[in-house]
1. Name the pairs whose Cβ atoms lie under 7 Å apart, with the first residue in the stretch 74-90 and touching a residue at least 60 places away in the same chain (Cβ under 8 Å), the second open to solvent by 50 Å² or more (accessible area, probe 1.4 Å), and 6 or more positions between them or separate chains?
2. So, Pro50, is that one under 13 Å from Lys103 (Cβ atoms), touching a Phe, Trp or Tyr at 6+ places or on another chain (Cβ under 6 Å) and not acidic (Asp, Glu) or not?
3. Can you pull out the residues in the stretch 90-106 that are part of a loop (DSSP other than H, G, I, E, B), under 18 Å from the mean Cα position of the chain (by Cα) and surrounded by fewer than 14 Cβ atoms within 10 Å (Cβ to Cβ)?
4. Inside the stretch 22-74, can you point out the residues that are within 24 Å of Pro152 (Cα to Cα), open to solvent by less than 50 Å² (accessible area, probe 1.4 Å) and either at pLDDT below 90 or outside any strand (DSSP E or B) (or both)?
5. Looking only at residues in the stretch 107-125 that are in contact (Cβ under 8 Å) with a residue 40 or more places away in the chain and in a loop (DSSP other than H, G, I, E, B), which one is most open to solvent (accessible area, probe 1.4 Å)?
6. Of the conditions (1) modelled with pLDDT under 95; (2) not in a strand (DSSP E or B), Ser81 clears all except one; give me its number.
Amino acid sequence: MKKAIVLIIIFFAVVLILPTAVFSRIGVGIGTGKIRMSDLKAGGIYEVLPLSIVNTGDEVSDYQMGIAYNSNQPEMRPEKSWFKFTPDKFNLQPGAGQIVQVKLNLPVKIKAGDYFAYLEVKPVPKLTTESGDNVAKVGVAAASKFYFSVVPSNIWQAIIYRLATLLKNYAPWSYIISIVIIGACVFAAIIILFKKYFHFQINISKK
């Protein structure tokens, strides 16, 4: 009887002392389920709908943004390098949220058609072993489905659209720099033409 009582006391002591280790839960949620963009142009730089990330677990967690695919998806797979997340790594308290900006940078040489990818966020918490080594725990993931289509274009159209997009995204400094460069080129051309078609000869003589 005494042995049974001692075992019960030990059991409840362990449960009370180590509740976090036993019952802690890692979670993540994403506010947007599906995003669609159509008629995108090669060479374009596009702002995608921002993602709202929430720590749905009950412990502090680190998170990492990334791209994932369906193994049997009919759409083409965009390259991971086409996407930029800001921030791409962050830490959240339980119940806290983070807005992540997403930018899609299409190359000038790209196949026209339909594309699909998951805009994914994964918790990346760590466990410390008895030896002191950090081991990544297997966690859940949340993702937003991202569909987009690219219209046909040639390489010159793509280059022109890329330049136009850069001018727009970096305004007003892009316009100021462009004006300065154009002005310098025009001034240099005027100097060259002036030297070619106009000649001055100055003679100095003593009386």
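The values are calculated or read from the model by the stated rules, or taken from the named source; none is laboratory data. Predicted model only: the values in this text are computed from it and were never measured. Here Cβ is always computed from backbone atoms with ideal geometry, including for glycine, and neighbour counts include all displayed protein chains. Only protein heavy atoms, including side chains, enter the accessible area calculation; ligands, DNA and RNA are left aside. Shrake-Rupley method; radii C 1.70, N 1.55, O 1.52, S 1.80 Å.
1. Short answer, once both residue conditions are applied: Glu75/Asp114.
2. When the stated conditions are applied, Pro50 does not pass them.
3. Taking the stretch 90-106 and keeping what is part of a loop (DSSP other than H, G, I, E, B), we get 93-96, 106.
In the following step, the residues that additionally are under 18 Å from the mean Cα position of the chain (by Cα) were identified as 106.
None - no residue of the stretch 90-106 is part of a loop (DSSP other than H, G, I, E, B), under 18 Å from the mean Cα position of the chain (by Cα) and surrounded by fewer than 14 Cβ atoms within 10 Å (Cβ to Cβ), so the list stays empty.
4. Once the filter is applied, which keeps residues that are within 24 Å of Pro152 (Cα to Cα), open to solvent by less than 50 Å² (accessible area, probe 1.4 Å) and either at pLDDT below 90 or outside any strand (DSSP E or B) (or both), the stretch 22-74 yields Ala42, Gly43, Gly44, Gln73.
5. Looking at the filtered set, the residue picked out is Lys109.
6. For Ser81, the failing item is (1).
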